[in-house]
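Let me begin by presenting the structure, written as structure tokens, before commenting on it.
The values are calculated or read from the model by the stated rules, or taken from the named source; none is laboratory data. If you're wondering where the values come from, they're calculated on a predicted model, not measured in any experiment. Note that we place each Cβ from the backbone using ideal geometry, even for glycine, and neighbour counts take in every protein chain shown.
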């Protein structure tokens, strides 16, 4: 899957 | 991960634990807004929806934390609306939650980083969280007071996002990471607590109870 700008915070 | 985000998440966990303990020990949810807790549960479910979509093994603390947040907030709602329903102060918990949910959903469709379902749900969750505490603050203004334990809950809840602002400053400076939507919503969310923070620091810290109007 395309590397969407991942939200890496809770 | 940086110290601000770590203490932010710990403060958030503390808030959830304080509220659960308060309700469980006193067997009462007097002074607690059920609507705010419902809104928080909606925030966690819409923000961590990926847990349900492609379930990945609980190999890291982040997944565990997400599950703790979702299960604890749902359990808190269960205590308020079912187990200790008799002590729920429905008359004072009268802020219309729809007035918070609908604008957050609308804004999420208008202002987002990418128009796809997961991203819009995440954005909705961020906007909703910014205003989710309003029914609780509204309830306190209606009853004119807050139990000390509820004040501690609110202080921990407010501090979590205030610490996240420091985390965003840190990440901007050292990782040049910026998530504008989360930052703007987080600043708005923290500003809503300013009045309470003032009362908490001038009163509760000295052992007095918060009584409104101050």
Consider only pairs whose beta carbons are under 7 Å apart and that are at least six residues apart or on different chains; among these, list those whose first residue lies in segment B:139-166 and is under 13 Å from residue B:16 (Cα atoms) and whose second residue is modelled with pLDDT of 95 or more and outside any helix (DSSP H, G or I).
-> B:150/B:31; B:150/B:32; B:157/B:133; B:158/B:193
Within segment B:140-152, restricting to residues that are touching a strand residue (DSSP E or B) at 6+ places or on another chain (Cβ under 9 Å) and part of a helix (DSSP H, G or I), the one that is farthest from residue B:189 (Cα to Cα) is B:148
Among the candidates B:174, B:160, B:164, B:170, which residue alone is within 14 Å of another protein chain (Cβ to nearest Cβ) and either surrounded by fewer than 21 Cβ atoms within 10 Å (Cβ to Cβ) or not in a helix (DSSP H, G or I) (or both)?
-> B:170
Taking only segment B:80-125 into account, find how many residues are over 22 Å from residue B:186 (Cα atoms) and touching a residue at least 24 places away in the same chain (Cβ under 8 Å).
-> 10
Test set (1) within 13 Å of chain A (Cβ to nearest Cβ); (2) in contact with a helix residue (DSSP H, G or I) (Cβ under 8 Å, 6 or more places away or on another chain) - residue B:60 fails condition number | (2)
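With respect to residue B:100, determine if the residue is more than 14 Å from chain A (Cβ to nearest Cβ), closer than 15 Å to residue B:183 by Cα and either surrounded by 15 or more Cβ atoms within 10 Å (Cβ to Cβ) or under 16 Å from the mean Cα position of the chain (by Cα) (or both).
The answer is no for residue B:100.
I need the full set of residues from segment B:191-214 which are touching a residue at least 60 places away in the same chain (Cβ under 8 Å), in contact with a strand residue (DSSP E or B) (Cβ under 9 Å, 6 or more places away or on another chain) and assigned to a loop (DSSP other than H, G, I, E, B), in order please.
B:209, B:212
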Residue B:130 meets each of (1) assigned to a helix (DSSP H, G or I); (2) touching a helix residue (DSSP H, G or I) at 6+ places or on another chain (Cβ under 8 Å); (3) free of Cβ contacts under 8 Å to residues at least 24 places away in the same chain with one exception, condition (3)
With respect to residue B:74, determine if the residue is in a helix (DSSP H, G or I), surrounded by fewer than 19 Cβ atoms within 10 Å (Cβ to Cβ) and touching a helix residue (DSSP H, G or I) at 6+ places or on another chain (Cβ under 9 Å).
-> yes
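Each row is one residue, and each column tells you yes or no for (1) without any contact (Cβ under 8 Å) to a residue 60 or more places away in the chain; (2) crowded, with 16+ Cβ neighbours inside 10 Å; (3) not in a helix (DSSP H, G or I).
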| position | (1), (2), (3) |
| --- | --- |
| B:6 | yes, no, no |
| B:10 | yes, no, no |
| B:18 | no, yes, no |
| B:25 | yes, no, no |
| B:29 | no, yes, yes |
| B:36 | no, yes, no |
| B:46 | no, yes, no |
| B:52 | yes, no, no |
| B:59 | yes, no, yes |
